[in-house]
2 protein chains.
Amino acid sequence: MRRVSLPRIRDDALALDAGDELSALRGEFLLPEGVIYLDGNSLGPLPRATIARLEQVIGREWGEDLIRSWSRHGWIDLPLRVGDAIAPLIGAQPGEAVAADSTSVNLYKLLAASAGLRPDRRVLLSEEENFPTDLYVAQGFAALLGEERLEVRLVPRARIAEALGADVAVLLLTHVEFRTGEMHDLAAMTAAAHDAGALVVWDLSHSAGAAPVDLGGSGADMAAGCGYKYLNGGPGAPAFVYVRRDLQDQVLSPIQGWMGHDDPFAFEHDYRPAPGIARFLCGTPPILSLAALECGVALVTQAGILALRRKSLALTELFIARVERECAGFDLALASPREGARRGSQVSFRHPQAYALVQALIADGVIGDFRAPDLMRFGLSPSFLRFVDVWDAVERLKAILS
Amino acid sequence: MRRVSLPRIRDDALALDAGDELSALRGEFLLPEGVIYLDGNSLGPLPRATIARLEQVIGREWGEDLIRSWSRHGWIDLPLRVGDAIAPLIGAQPGEAVAADSTSVNLYKLLAASAGLRPDRRVLLSEEENFPTDLYVAQGFAALLGEERLEVRLVPRARIAEALGADVAVLLLTHVEFRTGEMHDLAAMTAAAHDAGALVVWDLSHSAGAAPVDLGGSGADMAAGCGYKYLNGGPGAPAFVYVRRDLQDQVLSPIQGWMGHDDPFAFEHDYRPAPGIARFLCGTPPILSLAALECGVALVTQAGILALRRKSLALTELFIARVERECAGFDLALASPREGARRGSQVSFRHPQAYALVQALIADGVIGDFRAPDLMRFGLSPSFLRFVDVWDAVERLKAILS
C-alpha cells in the first residue's frame, strides 16, 4: 500500500479501499451484515475456509476414519505443523514453535523453563501494565516455588530498564499492551534483559498476525501467544509457544505429558523429553481447534505479514486522525501512541463515559470494547477491515457524542 | 438389560440387540459403514448432534455474533456447565467439576493442589502400571519442586497398600488401567489413602462415561479425566477436573490464569482465586471443543450411566466367552479381569503376534488397538456397539487366527 494523504470525504476512503492490496482478503471471512467489527483483537472473525475444513475434520476425519485419522490425516503432526506455519510470522525457524494449550498454560511452562536456567537469581520481573493473566501465571508459579526461590516484581513500564538488576532471572513482557496498544521495542528490551544476564519471555498475543515480530533477529529466548485474535483461530483457539533453538535441549517443561515424550507410544515409565520444541507439548492435542487455527493462520500467511502491518498502520492512523478531527471538543483523549512504530493494531481513547459510549456504539453496529475505568478500545484488524469502515465508525461515534 | 444366557448362534446375538434397552442410542452416532469399532476407549465416535451443534457454534455464534457470544450464547459459562453435566456421571455435585485443558494439565494442577495440603510429607505415590502421562506429570512436578520436597514413588499394584506410609502426601491412581481394563476399587483405595493421612487423586479417563464412579460417596479428594473417550467429545477434547467441595477453598491451582480469577474482567494486578471449582480454570476456554464435549456428554446422560454399565458388562462378558470358546488353542491369554466388577469397558488378550493380529483385524474392518509388547486391546463401548458386532468381531478374529 502506498502512503496516501488522509481522506477528506467518504469517497476518499472508498478510493483507499479500491487501491488496497489486501482488499480481496475480506472476502475470505464470513462477516455479519451491518456490523463494523472493531474487536478482531479480542476474537478474530470466521474464515470461510474454516467452515469447510471443520466439516471435513468432523464428518470425515473424526466421523468416518475415527482413530485412524491420527496417522491417516496427520493429526499427530498438527501441533508442530501449525507451529511451523506460525513461525515465519514471529521471526522463528521451523521447529522453533508449536501450537498447544492456552497462552496461560504456555506462559507457565516458559516461566518454569526460563527460571530453571537462572537458578541463582530470584526475581521474575514484569510490568504493572502487563495483561493480568500473565501476572497471575507468574504469581502462581512463584508461590509454588516459594518466595526464597522466586519473587514477582512489578514495575511501571518506564522503570523496567533500571529494575533489570543482577537478581533478575526472567523478564516477562507483553509485546503489545492490551489496553493502549503500545508496542514494546522487542529487540531493545530483549537486549536490555540479556545485558543484565536475564532471559526474556514475550507474550505476543496482541501482535502475532498483525505485526511482524522478529524473535530470531532479536535473539529473544522464549515466547507464547494467542491463536484467537489476529490469527483467527476461533474462540479459545490453542495458543503457541516458542523457544529459541539453542535453548530447547537445555530446558524442560514442568508439565510433562505424553505428547512431549520422545516416544509417546512406547508407554515408558520414565519421561524422556522429545528433542526440540515438541517437549513443550503435553496432553493430547485438540484436533478440531488446531484445524481451525491452521485455517486462520493460512490467511495471515497468504496476505503477508508486512502487507498486513502496512494496512494496520494506515487504518489506525486514519482512525486517530478522523476521531481527533470529527470528535474534537468531546473530551476524548488518545491513549494509544501517536507514533506508528510504537503502536499495535488497536487504538484506544479515554472518555469519562467510555462504558456508555461503547454500549451505544455496539447498539449502532460498531463493535469495540470497554476497559475499565474509562477506555474505549478499537481493534483495527487489517485482514478484513475497510477504510470506509473506519470512516463510518467515526461518523457514528461523532453522532453519538453529539 | 436383563441377565441373559450367552448366545450360541448369531441369531441369539441379534436377539440380544433387539432386547437392548440402549439399542436406539447407536442411531445417535455417525458410524462408518462396514466397520466394527472396538476403539471407543481411545476415541469415541461422532454424535450426530455434534455436527449440527458445531455448525451452529461456528457459523452462527462465532461467525455472526462474534465477541458478543461470550454472553449472548453463554460461552463464558460453558466450562462450568459442561462440568455440571459430567458431575452426576462421576458422583459429583453441581459446582464440583469443571471442563478445562487436557487431562495432563489438570493432573498437574491437582498434584500441586493436593501436595500443598500435605506440606510435611514428601512422597507422591503411584503405581507402575499407571498411564504414562500420569507418571510423567508427577515426575515433572516433583522435579520442579526438588527431591527434598517431593519424590515420586512407583510400586506394583499389589503393593500400594503397604506403600501408603506416613510419608505419602498424595496417592495418584487411574481408576481403570489402560492396558488391561482392570478397575480399582475406588472406595477402598480412597479409604486406604485416607487412613494413611494421604490425599488421593483419581484419573477417570478410562471410566468416565462407561461406568458409574462415586467420587462423592467414596470421599475421594480430587480427580481428572478425559473428554474424548467414553464422553464422545472428539479428538483431543477438553478434559475435566474435580475437587471435593470442602477442599475447594483450601487449595489453589498452580497455573493461575484469568478465567480462574474471582473477577476476570476487573483486570486486577493480583490474583484472587474464584470461589469453588472455577479457580481450576486458567486460560480462555476452547469453545468449539467444549460445545462438542457438551453434546457427547449429553448422550451419556440420556442413556443413563447405570444402563451403560449394564450393557458394558454384558458386552465384555460376551466377548471374553466367545473368544475363549472360538479361539481356544491359538495361544490367546486373557489379560483383563474375568470378574465383571473389576473390569472396565475393555477386554485385552495377550498373544505373541498381537501386533500382526491387530493389523489384520483392522484390514478386515475390526478396529482395536495394539499395546506393546503383546497386547490386543478391544474397547467395547456400550453406547453404540451391538452384541452382533461382538459376535462378528470374534468370528473375524477366529478366521484370521485360523
Inset, instruction - For residues that are out of contact with any Asp or Glu (no Cβ under 6 Å at 6 or more places or on another chain) and of a type in the set (Asp, Glu), scanning just the range B:15-64, find the one that is farthest from the other protein chains (Cβ to nearest Cβ). - result: B:GLU21
Legend entry - Residue ID - farthest from B:ALA393 (Cα to Cα), chosen from residues in the range B:4-48 that are open to solvent by 70 Å² or more (accessible area, probe 1.4 Å) and free of Cβ contacts under 8 Å to residues at least 40 places away in the same chain: B:ARG48
Inset, instruction - Considering each of B:VAL388, B:VAL366 in turn, give the residue that is open to solvent by less than 30 Å² (accessible area, probe 1.4 Å), away from chain A (no Cβ under 14 Å), in contact (Cβ under 8 Å) with a residue 12 or more places away in the chain and under 24 Å from B:LEU299 (Cβ atoms). - result: B:VAL388
Inset, instruction - Could you check, for the range B:116-134, whether at least one of its residues is within 20 Å of A:ALA115 (Cβ to Cβ), facing chain A (nearest Cβ under 10 Å) and not polar (S, T, N, Q)? - result: yes
Inset, instruction - Filter the helices (runs of 4 or more DSSP H) completely within the range B:35-95 down to those with at least 2 residues that are in contact with a Lys or Arg (Cβ under 8 Å, 6 or more places away or on another chain). - result: none
Legend entry - B:ASP331 being closer than 24 Å to B:LEU43 by Cα, more than 25 Å from the chain's Cα centre (by Cα) and not aliphatic (A, V, I, L, M): no
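In the range A:96-110, which residues are part of a loop (DSSP other than H, G, I, E, B) and either without any contact (Cβ under 8 Å) to a residue 12 or more places away in the chain or among the β-branched types (Val, Ile, Thr) (or both)?
none
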Inset, instruction - Could you pull out the residue among B:ALA356, B:ALA341 that is within 24 Å of B:PRO32 (Cα to Cα), among the small types (Gly, Ala, Ser) and exposed (fewer than 14 other Cβ atoms within 10 Å of the Cβ)? - result: B:ALA356
Legend entry - Single unsatisfied condition, A:ARG153 versus (1) in a helix (DSSP H, G or I); (2) under 26 Å from the mean Cα position of the chain (by Cα); (3) within 14 Å of chain B (Cβ to nearest Cβ): (1)
Inset, instruction - Mind counting the residues in the range B:254-265 that are under 16 Å from A:GLN139 (Cβ atoms), more than 7 Å from every other protein chain (Cβ to nearest Cβ) and touching a helix residue (DSSP H, G or I) at 6+ places or on another chain (Cβ under 9 Å)? - result: 4
Inset, instruction - Return the total of residues in the range B:111-140 being surrounded by 24 or more Cβ atoms within 10 Å (Cβ to Cβ) and part of a helix (DSSP H, G or I). - result: 10
Legend entry - Which numbered condition B:PRO238 fails, given (1) touching a Lys or Arg at 6+ places or on another chain (Cβ under 9 Å); (2) under 27 Å from B:LEU25 (Cα atoms); (3) not charged (D, E, K, R): (1)
Inset, instruction - Give A:ALA224, A:ALA208 a once-over and let me know the one that is within 14 Å of chain B (Cβ to nearest Cβ) and small (Gly, Ala, Ser). - result: A:ALA224
Inset, instruction - For B:GLU162, indicate whether it is part of a loop (DSSP other than H, G, I, E, B) and away from chain A (no Cβ under 12 Å). - result: no
Inset, instruction - Count, please, the residues in the range A:290-319 that happen to be open to solvent by 10 Å² or more (accessible area, probe 1.4 Å) and either more than 21 Å from the chain's Cα centre (by Cα) or within 14 Å of chain B (Cβ to nearest Cβ) (or both). - result: 2
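The values are calculated or read from the model by the stated rules, or taken from the named source; none is laboratory data. From a predicted model like this one, the values you see are computed outputs, not experimental measurements. Backbone-built Cβ (ideal geometry, glycine too); neighbour counts: all protein chains shown. Accessible surface areas use protein heavy atoms only, side chains included; no ligands, DNA or RNA. Shrake-Rupley method; radii C 1.70, N 1.55, O 1.52, S 1.80 Å.
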